[in-house]
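Please read the structure below before turning to the comments.
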Amino acid sequence: MRDLLEGRRFGFALRPPLGNVALGLGVAVTLLDLMAWIGLGSRDTNGFVVGAYWLCAATAILGILALVTAVAEMRDVPEEERTLARLDAGGALAVIVLYAASAALRSTDLGAAGAAPLPFLMAIAGLLVLLVGSAMSSLLYAAREWEEIEELARETHRRRAAAR
C-alpha cells in the first residue's frame, strides 16, 4: 500500500498531480462563483451555485487524498527537506478544512442566486493555499532519487525470487 501511495508503481510521486487536479477544481469553484455573481437579476436557484458546491466537496476529497500521499511521502524525504514536507502536509490539511467548511456553508444556501461572501472567501483562501502547495509539492517530490527507488524494487524482486 505504501508503494502505491508513494507512486512507486507509477514511476512518479502522486502528491503533485493530486494537488494540481485540486488546484484546477479550486479555480473552477472560483470561476463558478464569479459567474454566479455576475449573473445580474438572478432570483431563482442558480446552477452555478450548485456546481460550485459539488466542486468544493470534490476539492476537499482530493485534499484528503493529497494529505494521505503527503504523509506517506514524508518517510522518504531527506532530513533537510522534512520541514517542507510537514508544511506540505499542513497545507493539504488547510485545503481540506477550507473547502469542506465552504461546502458545508454552501449546502445551507443552495437556492441562492450566488454564493454568500464567507464561503466564497474561504474558497479563495483555499485556492491561494493550493497555488503555493502545488508549486511546493511539485518541487519537493519531483527531485526524488528514482535510482534508489528502482534499486529497492530490484532488491524486492530478488528477495521474492529467492523465496520461491
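One table, with the values for the structure above:
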read-out	value
Label-point separation, ASP109 to LEU84 (7 Å along Cα→Cβ), nm	4.0 nm
Contact order normalised by residue count of region 75-127, Cα under 8 Å, 6+ apart, percent	37 percent
Residue-span extension gain [ALA163 to SER138] - 0.36 nm each, minus C-alpha spacing	5.2 nm
Length gained when the stretch VAL97-ALA28 is fully extended (0.36 nm per residue, less Cα-Cα span)	23.0 nm
Values of log10 I(q)/I(0), in the order q = 0.15, 0.17, 0.18, 0.20 Å⁻¹, for region 16-137 under a Debye, Cα-only, solvent-free model	-0.62, -0.74, -0.81, -0.94
Spin-label model distance (nm) - TRP37 vs LEU131, 7 Å beyond Cα toward Cβ	1.5 nm
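Values in this text are rule-based calculations from the coordinates and carry no lab data. None of the values given here were measured: they were computed from a predicted structure. FYI the Cβ positions are ideal-geometry reconstructions off the backbone, even for glycines, and counts take in every protein chain you see.
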